[in-house]
Each structure stands twice: as structure tokens, then as C-alpha cells.
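Step one of this worksheet: look at the structure below.
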Amino acid sequence: MDNIKILFGRKIRELRKKQNYTQAQLAEKVGVDNKHISCIESGKNFPSPDLISRLANAFLVEPKDLFEFYHLKENTNLKKGIIEMISSLSNYELELTYKYVRTFILK
């Protein structure tokens with residue numbers, strides 16, 4: 001299972017790069033030392049609730065959006081999650097899921 005600190009750090013790095021901020025620029029924007037941003041991105045530190053709010057403001061997102069990192073998980077964990085979701089579907093839901101996947105993923 002992926003560590004939340006590591007996933008959160010990956011999300012911050014992803015958002016920072018999308019905004020074309022350096023670690024120093026982001027650190028200045030949220031009022032912390034750039035080494036603290038580095039430690040957050042590497043999963044060594046986890047920000048306080050106040051810093052989470054300031055990070056969200058810096059990226060112009062809701063704080064909850066900083067915790068949407070399912071796409072950053074390791075592939076094996078993603079596959080395991082998909083299998084777990086599929087295993088609990090009814091036959092009808094499974095058929096719909098198959099059609100959806102076939103329509104949007106397979107060509």
C-alpha cells in the first residue's frame with residue numbers, strides 16, 4: 001500500500017510543475033522554507049492543516065483536491081483496486097462496465 005505522505009508529495013510536485021513553480025517559488029508563495037517543500041515532495045514531511053490550505057490557495061484548488069492522487073499510485077495497486085471494484089459488481093453492472101471500458105479504452 002502506498003504511503004499517504006509519499007502520494008501527497010507526488011501530488012504537490014505534480015501541481016507545482018504544472019504551475020511552472022520552482023520549489024523556492026512555491027515555498028515563498030506559501031511562506032515556508034524551500035527545504036520544507038522538498039521534504040514534503042519526497043514524503044519525509046507532511047504539512048499542517050494550515051499549510052495544506054495555503055498550498056491549495058497557491059494552486060487555486062480546493063484543499064480536498066490535494067488528496068486526489070489515485071492516478072499517482074503504483075500500477076500494481078491500481079490493478080488490485082480495479083479488480084476489487086469489479087469483483088463486487090452485479091452481472092448487469094459488470095456488463096455496463098465492460099461496455100464502458102471497451103468504448104473508451106479499447107479500439
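The values are calculated or read from the model by the stated rules, or taken from the named source; none is laboratory data. Given the structure is predicted, the values throughout are model-derived calculations rather than measurements. All Cβ positions, even for glycine, are placed from backbone atoms using ideal geometry, and neighbour counts span all protein chains on display.
Residue count for the stretch 1-28, restricted to those that are small (Gly, Ala, Ser) and surrounded by 15 or more Cβ atoms within 10 Å (Cβ to Cβ): 2. In the stretch 16-39, the condition of being of a type in the set (Ser, Thr, Tyr) and assigned to a helix (DSSP H, G or I) is met by at least one residue.
For the stretch 71-93, the criterion of being at pLDDT 90 or above and either within 30 Å of Asn20 (Cβ to Cβ) or among the aliphatic types (A, V, I, L, M) (or both) is met by no residue. I'd like to check something: does the stretch 33-48 contain any residue that is under 30 Å from Thr97 (Cβ atoms), modelled with pLDDT of 90 or more and either in contact with a strand residue (DSSP E or B) (Cβ under 9 Å, 6 or more places away or on another chain) or of a type outside the set (Asp, Glu) (or both)? Taking every residue of the stretch 33-48 in turn, none turns out to be under 30 Å from Thr97 (Cβ atoms), modelled with pLDDT of 90 or more and either in contact with a strand residue (DSSP E or B) (Cβ under 9 Å, 6 or more places away or on another chain) or of a type outside the set (Asp, Glu) (or both). Taking the conditions (1) crowded, with 17+ Cβ neighbours inside 10 Å; (2) at pLDDT 95 or above in turn, Ser53 satisfies each one other than (1). For Gly31, only one of the following conditions fails: (1) surrounded by 12 or more Cβ atoms within 10 Å (Cβ to Cβ); (2) of a type outside the set (D, E, K, R); (3) touching a Lys or Arg at 6+ places or on another chain (Cβ under 9 Å). What is its number? Going through the list (1) surrounded by 12 or more Cβ atoms within 10 Å (Cβ to Cβ); (2) of a type outside the set (D, E, K, R); (3) touching a Lys or Arg at 6+ places or on another chain (Cβ under 9 Å), Gly31 breaks only (1).
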